[in-house]
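Student: Quick one: structure below, then a few questions.
The values are calculated or read from the model by the stated rules, or taken from the named source; none is laboratory data. Just so it is clear, the structure is predicted and the values come from calculations on it, not from any experiment. Using ideal geometry, Cβ is built from the backbone for each residue, glycine included, and neighbour counts are taken over all protein chains shown. Areas reflect the complete protein model, heavy atoms only, side chains present, ligands, DNA and RNA absent. Shrake-Rupley method; radii C 1.70, N 1.55, O 1.52, S 1.80 Å.
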Amino acid sequence: MAVTDAFARRATLSRSVRLFSEFRYEQSDPDRFYGALASDTAQMVADLWRGTHDTDPTGCTLLDVGGGPGYFATAFADAGIRYIGVEPDPAEMHAAAPTGAHAAGPFVRASGMALPFADDSVDICLSSNVAEHVRRPWQLGGEMLRVTRPGGLMILSYTVWLGPFGGHETGLAHYLGGARAAARYARKHGHRPKNDYGSSLFAVSAADGLDWAVSTGALVAAFPRYHPRWAWLLTSVPLLREFLVSNLVLVLRPPLPDDGT
């Protein structure tokens, strides 16, 4: 089985429409939005694990870098995966209601740029939509790869800057420039955006991510996270992918000794 075969069967147009329709609730109803995203992410991770191991990930240990308020914790616990969340911002850790989400797994307050975990210590290391919020995203990627055991999976998914959601809550104004979009948002709303260009939001390209992943020698798959399978070829088209991929998933597998993968 190829790495993405199981997930590709689920990457349908109806799934894409459903997920994109949930995005409009990110600000107004975060429980709805992040609950749907967490459930889909847990299924994606399980599919990718099956594609590389031909078994379910039940009992595996997953480290979620930038786990936020814990929506993912519940989804992975429901899938039988041992979840550990890492989050540097205490406000984010307590943003969700304490019932349910936080009961599903332990959380560590730490930076993804220097993970307080030993080398080769987890089966799966995940980062969902964090790389665009740090100044040195590939340092984050390097730390994730370091803690993932040989034969495990590292999955890094991030929003591509030139895609339609690159500006986050500033909307399509980011095509006028990140700083200008943030200033425009502040004038309209009376406060700076949460995802403020230059401090908590940065321009990360698809090409940069692919170049970094290839340089590690551990890349096994790359695809648009929310697109149907027939649109995955966009990842291989320079320039076009920067505007149309929207969110890029990089799947890396640290090789086993003498594995060659």
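Student: I'd like the residue in the stretch 219-243 that is farther than 13 Å from residue 160 by Cα and β-branched (Val, Ile, Thr) and, out of all such residues, is nearest to the chain's Cα centre (by Cα).
Tutor: 220
Student: For the stretch 102-114, how many residues meet the condition of being in a loop (DSSP other than H, G, I, E, B) and either surrounded by fewer than 18 Cβ atoms within 10 Å (Cβ to Cβ) or modelled with pLDDT under 60 (or both)? Even if it seems obvious, please write down each step before you answer.
Tutor: First, the residues of the stretch 102-114 that are in a loop (DSSP other than H, G, I, E, B): 105-106, 109-114.
Add one more test, that the residue is either surrounded by fewer than 18 Cβ atoms within 10 Å (Cβ to Cβ) or modelled with pLDDT under 60 (or both), and what stays is 106, 109-111, 113-114.
Count: 6.
Student: Which of the numbered conditions does residue 243 fail, given that it passes all the others? Conditions: (1) part of a helix (DSSP H, G or I); (2) touching a helix residue (DSSP H, G or I) at 6+ places or on another chain (Cβ under 8 Å); (3) aromatic (Phe, Trp, Tyr).
Tutor: Single failed check for residue 243: (2).
Student: Is one or more of the residues making up the stretch 223-231 touching a strand residue (DSSP E or B) at 6+ places or on another chain (Cβ under 8 Å) and open to solvent by 20 Å² or more (accessible area, probe 1.4 Å)? Reasoning before the result, please.
Tutor: If we filter the stretch 223-231 for residues that are touching a strand residue (DSSP E or B) at 6+ places or on another chain (Cβ under 8 Å), which is where we start, we get 223-226, 231.
Checking which are open to solvent by 20 Å² or more (accessible area, probe 1.4 Å) leaves us with none.
Within the stretch 223-231, not a single residue is touching a strand residue (DSSP E or B) at 6+ places or on another chain (Cβ under 8 Å) and open to solvent by 20 Å² or more (accessible area, probe 1.4 Å).
Student: Scan the stretch 77-101 for residues that are within 21 Å of residue 43 (Cα to Cα), open to solvent by 50 Å² or more (accessible area, probe 1.4 Å) and at pLDDT below 85 and jot them down. Working first, answer last.
Tutor: Of the stretch 77-101, the ones within 21 Å of residue 43 (Cα to Cα) are 77-86, 100-101.
Then drop every residue that is not open to solvent by 50 Å² or more (accessible area, probe 1.4 Å), which leaves 78, 82.
None; the set is empty.
Student: Here's something else I'd like to know. Got a number for residues in the stretch 137-169 being open to solvent by less than 10 Å² (accessible area, probe 1.4 Å) and either aliphatic (A, V, I, L, M) or not in a strand (DSSP E or B) (or both)? Walk me through it before giving the result.
Tutor: Quick first cut of the stretch 137-169, residues open to solvent by less than 10 Å² (accessible area, probe 1.4 Å) only: 140-141, 144, 147-148, 151-158, 160, 163, 166-167.
Then keep just the ones that are either aliphatic (A, V, I, L, M) or not in a strand (DSSP E or B) (or both); that gives 140-141, 144, 147, 153-156, 160, 163, 166-167.
Within the stretch 137-169, residues that are open to solvent by less than 10 Å² (accessible area, probe 1.4 Å) and either aliphatic (A, V, I, L, M) or not in a strand (DSSP E or B) (or both) number 12.
Student: Please find, within the stretch 203-218, the residue that is nearest to residue 50 (Cα to Cα) out of those that are in contact (Cβ under 8 Å) with a residue 40 or more places away in the chain, within 17 Å of the chain's Cα centre (by Cα) and part of a helix (DSSP H, G or I).
Tutor: Restricting attention to the stretch 203-218, the residues satisfying the condition of being in contact (Cβ under 8 Å) with a residue 40 or more places away in the chain are 203-206, 208-210, 212-213, 216, 218.
Now drop any that are not within 17 Å of the chain's Cα centre (by Cα), which leaves 203-206, 208-210, 212-213.
If we keep only those that are part of a helix (DSSP H, G or I) as well, we get 206, 208-210, 212-213.
Numbers: 206: 26, 208: 28, 209: 24, 210: 23, 212: 25, 213: 21 Å.
Within the stretch 203-218, the match that is nearest to residue 50 (Cα to Cα) is 213.
Student: Ok, one more. Restricting attention to the stretch 170-181, and to residues there that are farther than 21 Å from residue 247 by Cβ and either under 21 Å from the mean Cα position of the chain (by Cα) or aliphatic (A, V, I, L, M) (or both), which single residue is most open to solvent (accessible area, probe 1.4 Å)?
Tutor: Step one: filter the stretch 170-181 for residues farther than 21 Å from residue 247 by Cβ, giving 176-177, 179-180.
Keeping just the survivors that are either under 21 Å from the mean Cα position of the chain (by Cα) or aliphatic (A, V, I, L, M) (or both) gives 176, 179.
On the way: 176: 109, 179: 65 Å².
Going through the qualifying residues, I end up with 176.
Student: Find the helices (runs of 4 or more DSSP H) located wholly in the stretch 1-76 whose residues include 2 or more that are open to solvent by less than 10 Å² (accessible area, probe 1.4 Å) and either assigned by the TED database to the domain that holds residue 89 or aromatic (Phe, Trp, Tyr) (or both), and list them. Write out each step before concluding.
Tutor: Numbers: elements: 5-10, 13-22, 30-53.
Ranges flagged: 13-22, 30-53.
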